[in-house]
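First comes the structure, then the notes that go with it.
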Amino acid sequence: MIRLPALVHADFPRFIALAAMSVGLCACGSIRYYAQAVHGQGELVLKRRPVRKLLADPATDPKLAARLSLALAAREFASRQLGLPDNRSYTGYVALQRPYVVWNVFATPRYSVAAIRHCFPVAGCVAYRGWFSEQAAQADAVRMQRRGDDVWVGGVPAYSTLGWFADPILSSMLRWDDDELAGTIFHELAHQLIYAKGDTAFNESFASFVQAEGLREWRAARGLPPDDGHAQAMADGFTRLVLDLRERLKKLYASGADTEAMEAGKQREIAAFRERYAQWRDAHWPNEHRYDDWVAKPINNARLLPFGLYDQWTPAFAAIFRASSAQWPAFYARVRALARESKAKRDAALEGLLCDHP
């Protein structure tokens, strides 16, 4: 049971609404899952401390103060220059006693690259379930593995409540470099601004574009040189390799082969992917080994799911931004109109933009 402070918190009405909503869903969902979601979010609400008070407190560690000052500056830039929501999100801080705020559990059938989707009243249907406890996430993964599914658990340093709560800066976010910290604030605020329920690729691609373009403007405003694009180029190349593996597996699973042949083919494709990765790295990035650990760990269908979700439509959003004369209000108006369309119409429009601006 969560103990509420004597002082009524500004988020208290929404917290009560979330609790009531979760109770109403218990008849058709998991009581345990919704209870941990309410408890986890409530804990963040109650532990949040105003950043400005921390910065004014001489007892605050100077290194923490420097990181929080940067985050607050990025937060103000987001509203002032990027047209993102001007609210209390990212003006508070929560020190977590764990490396991640939540752990997402991704799952697919053993011979499919299609995610097992989970539907929620606010976010719509998504390709994962988030747990505030790593132990609970692993238990959920084990349950699905016993059912025969491919499963992967990934830690998440930050997430958006889509404006339901004043999302805080989390200690898990402060491990990043300056660009990643500022960019994540831009990304998560973009989710608060425009969100198409149940369309992960649209939402993440939109927020990723805002993050990238926002960072470009942020660096320019601070007199910093443009990013050299090295890390992004390598990330893009690695993503293409992973998506190629996923496409090969998709064709294998659709082949009609028996289970034994599909299992052998699956392992063969994963082994071939590792070989292609080593060749690609040695040919293009001989001194870079940032993805070696990911490639060396066990690979299954579920581990491939996050790839492509964050950048599938980013070139289309770049085209919309150019067509909006690089003006944020006009850009957001066009994106908001797209978000109101059906998914089929939205995908067709974005696909057309990709064809027109390859």
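No lab work stands behind these numbers, since they all come straight from the coordinates. In this text the structure is predicted, and so the values were computed from the model without any measurement. Using ideal geometry, Cβ is built from the backbone for each residue, glycine included, and neighbour counts are taken over all protein chains shown.
Residues with beta-carbon under 14 Å from that of Gly214, excluding Gly214: net charge, scoring Lys, Arg +1 and Asp, Glu -1? The partial results should precede the final answer.
Values: positive: Arg75, Arg80, Arg216, Arg219, Arg222; negative: Glu76, Asp178, Asp179, Glu180, Glu188, Glu213, Glu217, Asp227.
Summing Lys and Arg as +1 and Asp and Glu as -1 gives -3.
Give me the percent relative contact order of the range 85-191, please, defined on Cα pairs under 8 angstrom at least 6 residues apart. List each step's numbers first, then the result.
Values: 161 pairs, mean separation 40.4, N = 107.
The value is 38 percent.
Jot down the radius of gyration and Dmax of the range 193-324, Cα atoms only, both in angstrom.
18.1, 60
May I ask you to derive the relative contact order of the range 12-176, considering only C-alpha pairs under 8 Å and at least 6 residues apart, and to give it as an integer percent? Walk me through the numbers before you get to the answer.
Values: 206 pairs, mean separation 41.4, N = 165.
Worked out over the range 12-176, it gives 25 percent.
Rounded to the nearest 0.05, what FRET efficiency is calculated for Ala337 and Ser79 with R0 set to 30 Å and r the Cβ-Cβ distance?
Numbers: r = 22 Å, r/R0 = 0.74.
E(calc), rounded to 0.05, equals 0.85.
Each residue of the range 273-289 in order: what ³J(HN,Hα) in whole Hz does its phi give by Karplus 6.51 cos²θ - 1.76 cosθ + 1.60, θ = phi - 60°, with x for Gly and Pro?
Result, ordered by residue: 4, 4, 5, 5, 4, 4, 5, 5, 4, 5, 7, 10, 9, x, 9, 10, 9 Hz.
Near the amide H of Ser89, under 5 Å away, which other amide H atoms are found, from residues 5 or more places off or on another chain, if H is placed in the peptide plane?
The answer is Asp167.
Dipole size in debye (nearest 20) for the chain around its Cα centre, Lys and Arg Cβ +1, Asp and Glu Cβ -1?
Details: 45 positive and 39 negative charges, 198 e Å.
Dipole about the Cα centre, nearest 20: 960 debye.
Percent relative contact order of the chain, based on C-alpha pairs within less than 8 angstrom and at least six residues apart?
Over the chain, the number comes to 17 percent.
Got a sec to turn the phi values of the range 66-83 into Karplus ³J(HN,Hα) couplings, 6.51 cos²θ - 1.76 cosθ + 1.60 with θ = phi - 60°, whole Hz, x for Gly and Pro?
Working through the residues one at a time gives 5, 5, 5, 4, 5, 4, 5, 5, 5, 4, 5, 4, 4, 7, 6, 10, 9, x Hz.
Give me Val38, Val142 ranked fewest to most by other Cβ atoms within 10 Å of their Cβ, as a rough exposure proxy. Display every interim value, and only then the final one.
Values: Val38 19, Val142 12.
By the 10 Å Cβ count, ascending: Val142, Val38.
What is the Cα radius of gyration of the chain over 2.2 N^0.38 Å, N being its residue count?
In units of the 2.2 N^0.38 Å rule of thumb, it is 1.04.
What are the ³J(HN,Hα) couplings of the range 314-330, residue after residue, when phi is run through the Karplus curve with 6.51, -1.76, 1.60 and θ = phi - 60°? Round to Hz, x for glycine and proline.
Per-residue couplings from phi come out as 4, x, 5, 5, 4, 5, 5, 5, 5, 5, 9, 6, 6, 9, 4, x, 5 Hz.
Cα-Cα pairs above 20 Å in the range 58-173: how many percent? Please list the in-between numbers first.
Values: 3653 of 6670 pairs.
Looking at the range 58-173, the distances longer than 20 Å represent 55 percent of pairs.
Name the residues whose placed amide hydrogens come within less than 5 Å of the amide hydrogen of Val102, ignoring near sequence neighbours (fewer than 5 apart) on the same chain.
Long-range HN contacts for Val102: Val156.
If you average the C-alpha positions of the range 160-182 and of the range 48-112 separately, how far apart do those two centres end up, in angstrom?
3
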